[in-house]
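All remarks here apply to the structure that follows.
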Amino acid sequence: MAVISAPASAAVAPRRRGPVMEFIYKQPLGAVSLVVILIMMFAGIFSELVAPYDPLTIDFASILAAPSWDHWMGTDAYGRDIFSRIIHGSRTALVIGFAASFIGSTLGAMLGVASAFFGGKIDDWIQRFVDVLLAFPIIVLALVVVAALRKTVVAGVDVNLVFAISIPILPRVARVVRAAALSVRVMPYVDAARAAGYSNSRIIFRHMAPNVVAPYLIMFTAFIAQAILLEASLSFLGLGVTEPTAAWGLMLSGNAADFYREAPWMILFPGIAISLAVFAFNLFGDSLRDYLDPRFRV
Amino acid sequence: MLRYTINRILLMIPTLIGVAVLVFFMLRIVPGDIVEVKLRGDGGNITQEVVEQERKRLGLDRPLLIQFKDYMIGLAKLDLGISMWTERPVIEEIAIRLELSLEVAILATIIAILLAVPLGTAAALMRDTWVDYAVRIITIGGLSIPSFWFGMLIMLTLLSLFNWLPPIVFTPIYVDPVANLTQLIWPAMAVGYRYCAVTARMIRSSLLEIMSEDYIRTARAKGVYEKLVVSRHALRNAMLPAITVIGLEFAFLIGGLVVTEQVFNLNGIGQLFVQSVSRNDFMLIQGMVMMIAVFYVFVNLIVDLLYAVFDPRIRYG
Amino acid sequence: MKAPILGLVGALAFTFGGVFSEAHAQQPKRGGILQFAISAEAPHYDPHASDTYATLHFSSPFYSTLLTYDLSKFPAIKGDLAKSWTVSPDKLTYTFVLNEGVKFHDGTTLTSEDIKATYDRLRNPPQGVVSNRRATFADIDTIETPNPTTVVFKLKAVNSSMLDHFASPWNTVYSAKDLAADPAGPRTKINGTGPFTFVEHVKGSHVAGKKNDNYFKKGLPYLDGYRGVFTLQAAAMLNAIQGGQVLGEFRGISPAERDRLVSAMGDKLRIEESSWTLNLLVSFNTEKPPFNDVKVRRALLLAIDRWGGSQGLSRISTLRAVGGVVRPGAPLATPEAELAKLPGFGKDIKAARAEARKLLKEAGQENLKFVLWNRNLAMPYTPAGIFLVDQWRQIGVEVEHKQSDTAPYIAAMQSGNFDVAIDFSNLFNDDPTLSLTKFLSHKKNPLNMSRANDDEVDKLYDQQLREGDVEKRKALIRALEKRVFEQGYQQPLLWWHRIVPTHKVVMGWKMSPSHNLGADLAEVWLNQ
C-alpha cells in the first residue's frame, strides 16, 4: 500500500485521479480485497475492543452453544466465544503472515540483488544455495525447520515459527528479484555509475533497488497469503501455534471435527476465516501486479 | 544438445549435496533425540543408563562428524540408512507408502488437467468478461481454501449425507480398482482443486501472451476461424508453460499431501513425514527430504530439457 | 449434549457386568475376523522394551504371561502359563507350576527354562537388549528350574507388589532357544505361545493374526483371526468405527467422541466406561525460585478448581475423577470426604482462591509469570493445559502454555530446565507402589520431575512396600499422600476416565481400568 501513496508514482504522469482512485477504478476486485484486508487489520489491531468476550476464558456453563445474539458464531468445547477467538485469531494470522513474508521477501530480495550485482562466483554460489532451498516443497521445508528449532516465544510470538515460514519464501523471491535486477545491471547508466567510481552500495541502492521495488512488493503481498495458509496448516498439524492462543488453524485441529453434528460452527467459521483472509491477500497481490507491472498479466 | 544435457545433469549434483548437508545439520542444531520419545513417550520408568544404552545401540553417541561422514557415504551408495524408530531401512519405509501417495498425486493431476484446460482457455478467450472474473475467483479460491479444511468438509459431508466413508485400508488399484478409487478419489479432489487453480491461471496467461503475438494476429486477420486459431496454434504453444507448471506442481504435490493425508488417515509419504517429524526420527526425515529433492530435481531437469528442445536459444545461452 | 456423569459417581461405573450376562447367556460363536483400531503404531514388537499400549494391542494376542489379571474380578490375579502357584510364609519364595503341553508357534514345547530365560532377560538384559522392567525385578535373587514344569523365584527382600509384577502384561514369555540364538530377536520376530499366530504387519497400515490351533487353553480362541488397523488421527478412528470399517477401539475415547458415535450409531454401538489407571500431575520445579517456596506452590494448587473442572472437562476430555495418589475407586484409594481436607482439594473454591492470593502476596509473588510445559498430544494434555492457564489467570498469574513434542518436553523436565509442567503417570494396575514411585525423592527416582528430595516420603514409601498388613499399609499411604500434598511438590490434577466403544457384535471382550490389560483377544467372539 505504501507504493500507492508514494509521491513518485503519483508524479510520473499527470492523472486526473489520485493513485488510490486509479487503483479502485482499474482493479475493482483488488479494491474489494483491500477493504477485506483493512477490516482484518482493524480487527487484529483492536481485538480487545472489537471482540465481545475474552478469547481465553473458559465457561463450562455454555459449552458448544449454538450461534445466537450472545455468541454470534457459537462457542467451542470450552465455552469460549468463537467470534472473539476469530477476531483475536486475525491478529495471530496477520502478525505471523506479515512478519514471515517480510523477513522472507526482504532477505530474498537482498540475496537476489547481491547475486545480480556481484555476478560471477558469488552469483553462482548464491544460485546454488537458492537451488538447494528450492528443492524442498514449501511445507516440507517449514516442517524441517520446525523440527530443528522447536519453539522460542518472544512477546507472544513464536519466532521460530515465523522463521520456519519465512525460509521457504526466501529462495522464491530471490529468483524473481535477481531476474529483475539483472535487467538493470546491463543498463548503460549502471556502467556509467561504475565508471564514475561510485561505491557498490550507492549503485545498489540508487540504481538497482528502485527497479526491484515493484516485484518485491508484489511477492511480499502474495506471500502474506502463503504464510497465513502455512501457519494454519502447521497449527492444524499441532506444530505451529499453541493453545490457548486464538489461531484459526488451531481451532480446526484436535477434536474440532468430533463435534460436526452437535456444533458444525466449530469447523465452519475458522475455515471461512482462513479462506477469506488468504483469498483477499491473493486477490490483492494479483491486482497489485496488474496495476504496477502490466507486462506480466498472470 | 548432448553437452547441454550433461551439463544440466552435473549441475544437479551440488544441489543434492547441498540439500543433504543442509538437512543433516539443521536437524541437529538443537539437542534432543528420538531415544527419549521412544523409551519414555508413554511414561516408562526408564533409567538414564537404559537411555544411554539405546543411544549407543542407535549410534547416536558417536561424534557428529562421524555420523555425517557415514551418512554421506551411505548416500553415495544410495543407502538412506535405518529409521531410528522402526529400525528398518529408510528406503523400505518409503517404498511401502510411495504407491499410495503417487497414485493420489496422479489422480489429482488428472482432475486438475481435466478442469484447468477448459477453465483457463475460456478465461483467456473471454478476457475481461464475467466468465474471466468467475474463473479468476474460482482459481484464487483454489489457492486460498486450505486443502485440509476442504478435505474435512468432504469427509463430513459424505458422513452426514450418506452415512458412508471411504475404506481405510489401502488396496492397490490392480487388486481391486473400485475399492482403490473409492478410497483415493476424495483426497485427490481435496488437493486437486489447488492444483487445478494454479494450472488454469498459467494456461490463461500464456494463452493471452501467445494470442497477442504476430503469427496469431496474422492468422486471425486472414480470417481463420477463431476456434481453429485457438486449437491449432495458440493452445499448442501455450502447452509448454502449462506442462512446466504441471510438472513442478506434481513434484511439489508430495508436500501438499502432508496435511491432506492426515485428514484422510492415508498411509502415505505425507503421513510418514509428519510422524517422523514429531518423533524426531532424523534418519527418516533426511531420507524423505532427499527423496523429494531428487524427485523435484529430476522433474526440473525434464522440464528444462523440454524447453531446450523447443527453444534452441537456451542450449547455447 | 448429555448431562455429564459426575466424577466419582461415574468412576466405578463398570458396565462390564452387563456384557457378561450378555456373553454368558449365549454360547460363543466360532469364526470371523475381528477388525479393530489401534491409535498408535508400535516401533517394535517387544513388550519387555516398551511402555506403550500400542505394543500390547499389537503383540499380546501372540504371547502368554506367567500370571494374568482376572478382569471379571479385577484386580484379582489368575494363572496364564502357570497352572498354580504358592508363596512361602516369609514371602520370599514364589513357586509356579506350569501348564503341560504348551507349544510355541514354531512347534517347540514350553518348559520352565523358557520362563527363566525370559525373566533373566527382563531383570538383567544382555548387551544390546533393552528391558524397561529392570528395576521392577531387582528384588529377584535367583530363578530355579527343578523340573520342566516348575519354576521357583527367590527374592532378596519382601516385595508386596511382586504378584502384580508376575501378572503384568509386559512380561511376555519368549523361547529360551530363540533368546540364545538372538537376545534382541523379539524386537522384530514373533514366536509366542498365545492364542493367535503372526500373519503380517503392513507398516503404517495394520497387523494381522490368525487362530493358533494348538493354543493350550482348549477351545480358544473363538475368532479365526484379527486385524488391528492403525488409525493415528482420532477423527479417522471415529470415522472408521462409525462407518463400520473397524468394530471398536480398545484404548479409550473422550466423552465428546462417545456422544458423537452414540448419536450417529444408536443401538448398534456398545459403550463401556471405567475410571482409568492414568493421571496427569501438576509438577513444580522445586529447585527453581520461586517454586522452591512452598507458599507459591500451595497457592497455585489452591487456585485449581478440581471439582468444577472435573465436571466441565469430563464432558469434553478423557479427564474426569478427582483423586489422590491412588486411583479413585481402587481398594486403597482415599475416600472423597478425606480427600476434600487435603490442600488443593477443598470444595470452596472462592475461599481457596482468596487464600491463594494471600499466599502469593506473602511470598512477594503477586505478579507471578511462568511457563507451563505440556506435551503436544490432543487428548487430554491440551484440555488440561487450557484449563490450568485459565485457572491461574483467575488469581492474577500469567502463564505461557508451552506445548512441545515429547522429546524436548521430557528433556526439559529431566534437565530441570522448566518452571511448572504437566506430568503424567501411566500405571497398569492399582498396586500403590507403582503410583507412589512417582513421589519418591528425585535422587532415588529421576522421574520425579519436581526434583524434590524428601526423606520422610522415602521412609513412608519403603515402609508401605514391606508392610504385609493391609490396614497398616493404607495408613502409611495416607501419611505419604498428606506429606506430598502439604509440601505441594507435585499433585495429581485429575485421573482419566476410560470409555471404550465397540460394535455390539463384539462379545467376550472385557473392560478394565487399564488399557494395557485384556488385549490377548482369546475369549473375544463375534455374534454374527
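The values are calculated or read from the model by the stated rules, or taken from the named source; none is laboratory data. Please read these numbers as outputs of a predicted model, since none were measured by experiment. We place every Cβ from the backbone using ideal geometry, glycine too, and count neighbours over all the protein chains shown.
Just one of the listed residues (C:Lys116, C:Lys154) is touching a Leu at 6+ places or on another chain (Cβ under 8 Å) and basic (Lys, Arg), and it is C:Lys154. How many residues does region C:121-155 hold that are modelled with pLDDT of 90 or more and more than 24 Å from the chain's Cα centre (by Cα)? Adding up the residues that qualify gives 15. Considering C:Leu440, C:Leu427, the condition of being free of Cβ contacts under 8 Å to residues at least 24 places away in the same chain, surrounded by 20 or more Cβ atoms within 10 Å (Cβ to Cβ) and within 14 Å of chain B (Cβ to nearest Cβ) is satisfied by C:Leu440 alone. The sole residue among C:Val470, C:Val457 that is more than 24 Å from C:Ala240 (Cα to Cα), of a type in the set (Val, Ile, Thr) and buried (at least 20 other Cβ atoms within 10 Å of the Cβ) is C:Val457.
Number of residues in region C:71-88 that are at pLDDT 90 or above and either not aliphatic (A, V, I, L, M) or not assigned by TED's automatic domain parsing to the domain that holds C:Ala522 (or both): the value is 8. So in region C:265-289, with the set limited to residues that are crowded, with 22+ Cβ neighbours inside 10 Å and among the β-branched types (Val, Ile, Thr), which one is modelled with the lowest pLDDT? Result: C:Thr277. Checked against (1) within 13 Å of chain B (Cβ to nearest Cβ); (2) of a type in the set (A, V, I, L, M); (3) crowded, with 24+ Cβ neighbours inside 10 Å, A:Ile267 passes all but a single condition, namely (3). Please specify each residue of region B:94-130 satisfying the condition of being crowded, with 20+ Cβ neighbours inside 10 Å and at pLDDT below 85. If the condition is that a residue be crowded, with 20+ Cβ neighbours inside 10 Å and at pLDDT below 85, then B:Ala124 is the only one that fits. The set of residues from region B:253-285 being over 11 Å from the mean Cα position of the chain (by Cα), more than 9 Å from chain A (Cβ to nearest Cβ) and closer than 22 Å to B:Gly74 by Cα comprises B:Leu272, B:Asp281, B:Met283, B:Leu284. Within region A:203-215, is there a residue that is in contact with a helix residue (DSSP H, G or I) (Cβ under 7 Å, 6 or more places away or on another chain), assigned to a helix (DSSP H, G or I) and modelled with pLDDT of 85 or more? Taking every residue of region A:203-215 in turn, none turns out to be in contact with a helix residue (DSSP H, G or I) (Cβ under 7 Å, 6 or more places away or on another chain), assigned to a helix (DSSP H, G or I) and modelled with pLDDT of 85 or more. Can you spot a residue in region A:287-295 that is under 15 Å from the mean Cα position of the chain (by Cα) and under 22 Å from B:Ser144 (Cα atoms)? The answer is yes, given that some residue of region A:287-295 is under 15 Å from the mean Cα position of the chain (by Cα) and under 22 Å from B:Ser144 (Cα atoms). The listed residues are C:Leu179, C:Leu238, and the only one of them that is in contact with a helix residue (DSSP H, G or I) (Cβ under 6 Å, 6 or more places away or on another chain) and surrounded by fewer than 24 Cβ atoms within 10 Å (Cβ to Cβ) turns out to be C:Leu179.
Can you say whether C:Pro169 is in the same structural domain as C:Thr86 (by TED's automatic domain parsing), in contact with a helix residue (DSSP H, G or I) (Cβ under 9 Å, 6 or more places away or on another chain) and surrounded by fewer than 18 Cβ atoms within 10 Å (Cβ to Cβ), as far as the supplied structure shows? So C:Pro169 fails the test. Taking the criterion of being out of contact with any Asp or Glu (no Cβ under 6 Å at 6 or more places or on another chain), over 17 Å from A:Phe102 (Cα atoms) and either modelled with pLDDT of 75 or more or of a type outside the set (A, V, I, L, M, F, W, C) (or both), would at least one residue in region A:151-159 satisfy it? Yes: region A:151-159 contains one or more residues that are out of contact with any Asp or Glu (no Cβ under 6 Å at 6 or more places or on another chain), over 17 Å from A:Phe102 (Cα atoms) and either modelled with pLDDT of 75 or more or of a type outside the set (A, V, I, L, M, F, W, C) (or both). Restricting attention to region C:447-493, the residues that are farther than 14 Å from C:Ser161 by Cα and outside any helix (DSSP H, G or I) total 14.
In this entry, B:Glu93 is excluded by the filter for residues that are within 12 Å of chain C (Cβ to nearest Cβ), charged (D, E, K, R) and over 20 Å from B:Asn265 (Cα atoms). Selection of region C:44-70 for residues being assigned to a loop (DSSP other than H, G, I, E, B) and in contact (Cβ under 8 Å) with a residue 12 or more places away in the chain yields C:His44, C:Tyr45, C:Asp46, C:Ser50, C:Asp51, C:Thr52, C:Tyr63, C:Ser64, C:Thr65, C:Leu66.
So that you can scan it fast, the table gives a plain yes or no per residue for (1) buried (at least 23 other Cβ atoms within 10 Å of the Cβ); (2) without any contact (Cβ under 8 Å) to a residue 40 or more places away in the chain; (3) outside any helix (DSSP H, G or I):
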{"position": "A:Gln226", "(1), (2), (3)": "yes, no, no"}
{"position": "A:Ser235", "(1), (2), (3)": "yes, yes, no"}
{"position": "A:Ala246", "(1), (2), (3)": "yes, no, yes"}
{"position": "A:Ala263", "(1), (2), (3)": "yes, no, yes"}
{"position": "A:Ile272", "(1), (2), (3)": "no, yes, no"}
{"position": "A:Ala280", "(1), (2), (3)": "yes, no, no"}
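Screening A:Asn200 on (1) of a type outside the set (Ser, Thr, Tyr); (2) under 26 Å from A:Ile86 (Cα atoms); (3) more than 11 Å from every other protein chain (Cβ to nearest Cβ); (4) surrounded by fewer than 22 Cβ atoms within 10 Å (Cβ to Cβ) shows it passes everything except condition (2).
Here C:Gly329 passes the criteria (1) touching a residue at least 40 places away in the same chain (Cβ under 8 Å); (2) more than 30 Å from C:Asn453 (Cβ to Cβ); (3) not in a loop (DSSP other than H, G, I, E, B) except the one numbered (3).
Going residue by residue through region C:193-209, is there one that turns out to be buried (at least 21 other Cβ atoms within 10 Å of the Cβ), assigned to a loop (DSSP other than H, G, I, E, B) and among the aromatic types (Phe, Trp, Tyr)? There is no residue in region C:193-209 that is buried (at least 21 other Cβ atoms within 10 Å of the Cβ), assigned to a loop (DSSP other than H, G, I, E, B) and among the aromatic types (Phe, Trp, Tyr).
For (1) under 25 Å from B:Gly256 (Cα atoms); (2) touching a strand residue (DSSP E or B) at 6+ places or on another chain (Cβ under 9 Å); (3) buried (at least 19 other Cβ atoms within 10 Å of the Cβ), each residue gets a yes or a no:
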position: A:Ala99; (1), (2), (3): yes, yes, yes
position: A:Phe102; (1), (2), (3): yes, no, no
position: A:Ile122; (1), (2), (3): no, no, no
position: A:Val132; (1), (2), (3): yes, no, yes
position: A:Ala135; (1), (2), (3): yes, no, yes
position: A:Ile139; (1), (2), (3): yes, no, yes
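For region B:137-156, residues that are more than 7 Å from chain A (Cβ to nearest Cβ), without any contact (Cβ under 8 Å) to a residue 24 or more places away in the chain and more than 20 Å from A:Leu230 (Cα to Cα) total 1. Scanning region C:213-232 for residues that are surrounded by fewer than 23 Cβ atoms within 10 Å (Cβ to Cβ) and either more than 14 Å from chain B (Cβ to nearest Cβ) or part of a loop (DSSP other than H, G, I, E, B) (or both) yields C:Asp213, C:Asn214, C:Tyr215, C:Phe216, C:Lys217, C:Lys218, C:Gly219, C:Leu220, C:Tyr222, C:Asp224, C:Gly225, C:Leu232. Among the residues of region C:390-420, those identified as closer than 30 Å to C:Lys443 by Cα, at the interface with another protein chain (Cβ under 7 Å from one of its Cβ atoms) and free of Cβ contacts under 8 Å to residues at least 24 places away in the same chain are C:Ala407, C:Pro408, C:Ile410, C:Ala411.
Yes/no per residue for (1) over 15 Å from C:Gly309 (Cα atoms); (2) part of a strand (DSSP E or B):
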position	(1), (2)
C:Lys347	no, no
C:Lys350	no, no
C:Arg353	no, no
C:Gly364	yes, no
C:Asn367	yes, no
C:Asn374	yes, yes
C:Ala384	no, no
C:Leu388	no, no
C:Ile395	yes, no
